[in-house]
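Notes follow the structure.
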Amino acid sequence: MYTEKVMEAFQNPKNVGEIEDYDGMGMIGSEACGDIMQVFIKVKDGVITDAKFKTFGCAAAIATSSTATEMIKGMTVDEALEVTNKKVIEVLGGLPPQKIHCSVLAEQAIKAAIEDYKKKQSA
Amino acid sequence: MEHIYFDHAATTPVDKRVLEKMLPYFTEKFGNPNSQHWFGRETVAAVDEARDTIAKLIGAKPSEIYFTSGGTESDNWALRGTAHAYKDRGRHLIVSAVEHPAMIATAKELIKEGYDVTFAEVDEYGKVDVEKLKKAVRSDTIFIGVMTANNEVGTIQPIAEISAFAKERGILFFTDAVQAAGALPIDVKSPAVDMLSFSGHKFYGPKGIGVLYIRTGVKLGRIITGGHQERSMRGGTTNVPLIVGMAEALRLAQEKCAENAAYVASLRDKFIARVSKEIPFVKLNGHPTDRLPANANFSFRYVEGESLLFSLDLAGIAVSSGSACSSGSLEPSHVLLAMGLPEGLAHGSIRFSFGIHNTPEQVDYAVDKLKEIIVKLRALSPLFPKDLKNEVFEKEI
């Protein structure tokens, strides 16, 4: 049901963990729904220099977390806001239909982290 | 990599002796028992013999054994067939909240048709609360369905008490014995049931074949209409090879029932003991003692079931999260929710079901791997508090 790319990203996820002195943090999902994703970003001059995540969820949720955080590293925050779940799914070579919602989680968690960053900037 | 199969509640491999017995009925003895000619007549005896064997093994008369396509059809038939045939007597049906989807989904269809259904509650171990069930009975109740043992958590249900009560009140009683057949002795007279279902592939027989026992005197409506097969009660060409195979598989399973159950239970107990002792923040789901010999069901807090299932799969260990029938759905198991398990724990549940070909070494290997995987997945989990003590967790649940 999962592509090889999904299984690879699930088995050897990149960017796992927390950033202690993060510039932005976003957490989306609920335990009742079966998935939660937390994203930490480090930003320098508007560019995301580091991203890490922690995810409670299915294989698809973990794989998209890994891929999405990998994608936004080196992007400006505005570019990162354009990283949609569709783009993440493309990179992973597709997801089963009932798992699409897991990829939305990654998109939303990144957006929440960037919002958090922007809020801190304007404060 | 060795592939270890711990999913015997989903299905089992066909015993080679069973396969041998089936093979001629695919090729040389391929006739249709309903045909008048020699090819047809040749297979009639094989079907009769299989029916006799099964009847004898479960304490029934051959005329009370109906062959179906499996557990789902048998369950559908018992429930829908009763509802339709006895609707003049009443329109209220009771099924337990932890029945197989074959029952739950059928009950929901019947609600749409205008029937009333009570889903009988269970306790924290998944056992039907008999007192509450008794109170749910009304003057128009026509059917009570409670499985012999649960497919997800393995809890053995108090069906003797419930069937005696149903009899006293003149209500038809059905038990789904799909998980119990082969693992526990089945006798339709003790406890006395009106209908009982099982499926060939759960006891080292073939898939696609099952039985509905219907006690003499119980008149069910038909759900599969067609030819005159199964005393005109169930249309469809008689599946001779699978019927022969199922009868042989049940015979072999019953012959060594106690011995096999003791062996499989020893693997289960070893597994449960090691997991409970060596992995923190786990909960054994189901009843501590009244459970199927093959079943261990655990919730691993802070870990999601599907990611655990795939991690075990990549390590060569085949298990199931909740029930295979509901995989693909995003809802946590209806059985665990009925037992009152918090959703977080329900999402992190895995069923391990052992079989006669498994070994203690495989159990040890699986526990070792499981420990590694749980550590890895918890490190990934934003929910996992590094400083939580197991005592606190135990109080929480």
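The values are calculated or read from the model by the stated rules, or taken from the named source; none is laboratory data. Fair warning: this is a prediction, and the values are worked out from it, not measured in the lab. Reconstructed Cβ throughout: ideal geometry from the backbone, glycine too, with neighbour counts over all protein chains shown.
So which of B:Ala120, B:Ala55 is free of Cβ contacts under 8 Å to residues at least 24 places away in the same chain and touching an Asp or Glu at 6+ places or on another chain (Cβ under 8 Å)?
B:Ala55
Only residues that are within 30 Å of A:Gln98 (Cβ to Cβ), free of Cβ contacts under 8 Å to residues at least 60 places away in the same chain and either within 14 Å of chain A (Cβ to nearest Cβ) or within 21 Å of the chain's Cα centre (by Cα) (or both): list them for segment B:264-303, please. Write out each step before concluding.
So in segment B:264-303, the residues within 30 Å of A:Gln98 (Cβ to Cβ) come out as B:275, B:279, B:281-286, B:292, B:294-303.
Filter again for free of Cβ contacts under 8 Å to residues at least 60 places away in the same chain, leaving B:282, B:284, B:298-299.
Matches in segment B:264-303: B:Leu284, B:Phe298, B:Ser299.
From the list B:Gly245, B:Gly221, pick out the single residue that is within 26 Å of B:Ala50 (Cβ to Cβ), away from chain A (no Cβ under 14 Å), buried (at least 23 other Cβ atoms within 10 Å of the Cβ) and touching a residue at least 40 places away in the same chain (Cβ under 8 Å).
Details: B:Gly221 fails: buried (at least 23 other Cβ atoms within 10 Å of the Cβ).
Checking each option against the conditions leaves just B:Gly245.
Pull up segment A:91-108, narrow it to residues that are over 23 Å from A:Val47 (Cβ atoms) and free of Cβ contacts under 8 Å to residues at least 40 places away in the same chain, then point me to the one that is surrounded by the fewest Cβ atoms within 10 Å (Cβ to Cβ).
Only one residue fits best here, namely A:Pro97.
Could you list all residues from segment A:60-72 that are more than 9 Å from chain B (Cβ to nearest Cβ) and in contact (Cβ under 8 Å) with a residue 40 or more places away in the chain?
A:Ala63, A:Thr64, A:Ser66, A:Thr67, A:Ala68, A:Thr69, A:Glu70
Test B:Ser63 against the stated conditions and say whether it is in contact (Cβ under 8 Å) with a residue 12 or more places away in the chain and within 25 Å of B:Ile223 (Cα to Cα).
The answer is yes for B:Ser63.
Residues that are within 18 Å of B:Glu64 (Cα to Cα), at least 2 per element: which helices (runs of 4 or more DSSP H) completely within segment B:193-285 meet that? Full working, then the answer.
On the way: elements: B:229-232, B:240-255, B:257-278.
The qualifying helices (runs of 4 or more DSSP H) are B:229-232, B:240-255.
Given the conditions (1) in a helix (DSSP H, G or I); (2) more than 14 Å from every other protein chain (Cβ to nearest Cβ), report the number of the one that B:Leu345 does not fulfil.
Answer for B:Leu345: the failing condition is (2).
Within the bounds of segment B:74-84, is there any residue that is aliphatic (A, V, I, L, M), under 21 Å from B:Ala149 (Cα atoms) and crowded, with 19+ Cβ neighbours inside 10 Å?
Yes, some residue in segment B:74-84 is aliphatic (A, V, I, L, M), under 21 Å from B:Ala149 (Cα atoms) and crowded, with 19+ Cβ neighbours inside 10 Å.
Conditions tested, residue by residue: (1) of a type in the set (Lys, Arg); (2) crowded, with 20+ Cβ neighbours inside 10 Å; (3) at pLDDT 95 or above; (4) under 26 Å from B:Thr359 (Cβ atoms).
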| site | (1), (2), (3), (4) |
| --- | --- |
| B:Leu250 | no, yes, yes, yes |
| B:Ala258 | no, no, yes, yes |
| B:Lys270 | yes, no, yes, yes |
| B:Leu284 | no, no, yes, yes |
| B:Phe310 | no, yes, no, yes |
| B:Ser326 | no, no, no, no |
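Can you name the residue in segment B:286-297 that is of a type outside the set (A, V, I, L, M) and in a loop (DSSP other than H, G, I, E, B) and is also surrounded by the most Cβ atoms within 10 Å (Cβ to Cβ) among such residues? Talk me through it step by step, then tell me what you get.
Let us first name the residues in segment B:286-297 that are of a type outside the set (A, V, I, L, M), namely B:286-291, B:293, B:295, B:297.
Filter again for in a loop (DSSP other than H, G, I, E, B), leaving B:286-290, B:293.
Working: B:Gly286: 27, B:His287: 21, B:Pro288: 9, B:Thr289: 7, B:Asp290: 15, B:Pro293: 22.
Among residues in segment B:286-297 that are of a type outside the set (A, V, I, L, M) and in a loop (DSSP other than H, G, I, E, B), the one surrounded by the most Cβ atoms within 10 Å (Cβ to Cβ) is B:Gly286.
Against the definition (away from chain B (no Cβ under 14 Å), at pLDDT 95 or above and at negative phi), how does A:Thr76 come out, yes or no?
Judged against the criteria, A:Thr76 is a match.
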